[in-house]
1. Going by accessible area, probe 1.4 Å, with all protein chains left in place, what is the ranking of 101, 29, largest first?
2. Can you tell me which of 109-117, 40-48, 209-217, 145-153 comes out highest on packing, and rank the rest after it, using the mean Cβ neighbours within 10 Å?
3. List the lysines whose Cα lies under 19 Å from the Cα of residue 144, skipping any in the same chain that are fewer than 8 positions away.
4. Using a 1.4 Å probe, how large is the accessible area of residue 118, given in Å² and rounded to the nearest 10?
5. If you count, for each residue, the other Cβ atoms within 10 Å and average over each peptide, how do 50-59, 219-228 line up from highest to lowest?
6. With a 1.4 Å probe and all protein chains kept in place, how do 99, 73 rank by accessible area, largest first?
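The values are calculated or read from the model by the stated rules, or taken from the named source; none is laboratory data. Everything quoted here is computed from the prediction, not taken from an experiment. Quick reminder, even Gly has a Cβ in these numbers, built from the backbone with ideal geometry, and neighbours come from all protein chains shown. Side chains are part of the model used for accessible areas, which takes the heavy atoms of the whole protein and leaves out ligands, DNA and RNA. Shrake-Rupley method; radii C 1.70, N 1.55, O 1.52, S 1.80 Å.
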Amino acid sequence: MFKRLREDIAAIRERDPAARSAWEVLTCYPGFHAIVLHRLAHGCWIRQWRWLARFVSQIARFLTGIEIHPGATLGRRVFIDHGMGVVIGETAELGDDCTIYQGVTLGGTSLTRGAKRHPTLGRGVIVGAGAKVLGGFTVGEGAKIGSNAVVVKPVPAGGTAVGNPARIVVPATERAADESRKTETGGFCAYGITPNADDPVSLAIHGLIDHASRETQRIDDIVAALERIGTRVEALNGIDGAALLDLKRLSEAMEGEAAARR
Ligand SMILES: CC(C)(COP(=O)(O)OP(=O)(O)OC[C@H]1O[C@@H](n2cnc3c(N)ncnc32)[C@H](O)[C@@H]1OP(=O)(O)O)[C@@H](O)C(=O)NCCC(=O)NCCS
């Protein structure tokens, strides 16, 4: 039991820069108190002492503002930061190392008794302040839920879901990595527009930019090919990028350049 408490405190100190000492966590962190009392309530629940379990959970709610149904299953080192207004439903399951902020609901959308009504969070999931995750689906390992998101569908492992209803986005850090990968291969991710953004205007702009990028690449290839066969492109009088793609104008310009060389 003390081992568990120690690892809970260590996890909080690791994940909250505001936590200064173990004593502070022990005495001033409602998320910590709620988890400890939930363990007691859950112990009663699985022994079929259902009323006592609910009563302990109710006391925890009164003291901390965090309502965890005693039937919910919590992994190790789960951290509920601030915690006020958190509601975790009966069939919710939280993997190890999950972090939950204030105002989060892990709720249900069906009234079927005995069914899996609440979400399962994989290991290391972070749920931002005020987010609602509603339904008996799974949020994959390491996923992040944005603050105030309303998630009604499964989230893939490592995914980031934001908005209402939540959509999966590509975080800036991944976009930067993706952009540098594309640059290495000659591609271009203009303005870092999220490729899977829902906005049709953004999608249209992205399509146009991709098209322009492909055309630029073609021009570069043509120039390289011309230089390989001995044509000095800068000597092609009056020829511009668009004309390079117009084969008739290009051959006329090349003939002119050849004549000048003779
Ligand atoms: C969702 C979250 C985890 C994403 O962080 P990240 O991985 O660094 O991703 P980014 O900041 O690059 O954001 C990716 C996109 O999602 C958008 N976004 C981020 N958080 C959002 C949110 N909560 N709601 C709506 N959109 C959001 C960004 O604007 C960005 O959009 P863009 O692609 O159009 O530019 C983070 O923004 C978040 O909400 N964390 C919760 C923090 C919290 O609750 N703190 C409480 C402390 S008390």
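1. Working: 101 70, 29 25 Å².
Largest accessible area first, the list is 101, 29.
2. Details: 109-117: 10.9, 40-48: 15.9, 209-217: 13.2, 145-153: 19.1.
In descending order of packing, they fall as 145-153, 40-48, 209-217, 109-117.
3. Residue 144 reaches 132, 153.
4. 20 Å²
5. Numbers: 50-59: 16.1, 219-228: 12.7.
Descending mean neighbour count gives 50-59, 219-228.
6. Details: 99 10, 73 65 Å².
If we order 99, 73 from most to least accessible, we get 73, 99.
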